[in-house]
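The values are calculated or read from the model by the stated rules, or taken from the named source; none is laboratory data. Just so we're clear, the structure is a prediction, and the values are computed from it rather than from any experiment. Because the Cβ atoms are built from the backbone with ideal geometry, glycine has one as well, and the counts that use them run over all protein chains shown. Each accessible area value is taken on the protein alone, full model and side chains, heavy atoms only, with ligands, DNA and RNA left out. Shrake-Rupley method; radii C 1.70, N 1.55, O 1.52, S 1.80 Å.
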Amino acid sequence: YASVSTTTKTAPGQLTVSELKSTRIFGLIGDDIQHSLSPKLHHGHGYRYQLWQTDDLKKMMSVFNFFQLPGASVTKPFKVDVIQYCDQLDQHAKRIGAVNTLVRRGNKIIGYNTDWIGIQKSIGRYLENKSVKILGKGGAGKAVAYAVKQCKGKLVYDESFDVLVNATPVGDHL
């Protein structure tokens, strides 16, 4: 919804029609995301970043395509399932098997995985020659496993490990 002018807004932050026409809209696609800090982290001039809470990825991607939205972040539980809506994957997303970023290029949606880069930059220097156990097997866990391999660490599945990574949603609301 958009208001005709700034004096007829019906809710705080509502865009006017002219603002809506000139504003690029991005968002976070996921379920149980109301606690996300993404809108505060990803804000800027000329675009809006919103939470797109859904339990139906198919409907969300229908809306994404109908409005030709330029891009989105993707989180639980859709990082693996969203791949079917991508026309192309970057080399890392392909290897990881999970996507956390959608970018529209013309009529195509390109899927990227940037999670592994964040892992590599934040803890990568501690992973070389270390035994790493990952809790969680979803999209985030897959990205951690990829980062561990890129940093020359070793994945372990027993109780003998040097580093333990929690890639589950436990603690999301802290």
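For the reader, a short list of remarks on this structure follows.
- The GNM of the chain, with springs linking C-alpha atoms under 10 angstrom apart, assigns the highest mean-square fluctuation among HIS35, HIS45, HIS92 to HIS45.
- The listed residues ASP162, ASP31, once ranked by accessible area (1.4 Å probe) with the largest placed first, stand as ASP162, ASP31.
- Using 0.36 nm per residue and subtracting the Cα-Cα separation, the extra length available between LEU37 and THR7 on full extension is 7.9 nm.
- Rounded FRET efficiency, nearest 0.05, which uses the C-beta distance separating PHE66 from ARG125 and R0 of 41 Å: 0.40
- Placing unit charges on the Cβ atoms only, positive for Lys and Arg and negative for Asp and Glu, gives the range 76-174 a dipole magnitude near 320 debye about its Cα centre.
- Highest-MSF residue in the chain out of VAL163, VAL74, VAL148 [GNM, Cα springs under 10 Å]: VAL163
- Taking all protein chains together and rolling a 1.4 Å probe, ARG105 ends up with roughly 140 Å² accessible.
- In the full protein context, the chain carries 62 Å² of accessible surface per residue, based on a 1.4 Å probe and ignoring ligands, DNA and RNA.
- Rounded to the nearest 10 Å², the accessible area of THR16 at probe 1.4 Å: 10
- Inverting the pair-averaged 1/r between distinct Cα atoms of the range 56-113 gives 11.1 Å as its Kirkwood hydrodynamic radius.
- Length-normalised contact order of the range 33-165 in % [C-alpha pairs under 8 Å, at least 6 apart]: 18
- Three semi-axes describe the equivalent ellipsoid of the chain; taken as square roots of 5 times the Cα gyration tensor eigenvalues and ordered largest first, they are 35, 17, 14 Å.
- Exposure rank, largest accessible area first [GLU159, GLU128; 1.4 Å]: GLU159, GLU128
- Counted residue by residue at 0.36 nm each, then reduced by the alpha carbon distance between them, the extension gain from VAL17 to LYS58 reaches 12.0 nm.
- Residue ranking by accessible heavy-atom surface, 1.4 Å probe, largest first, among LEU37, LEU102, LEU51 comes out as LEU37, LEU51, LEU102.
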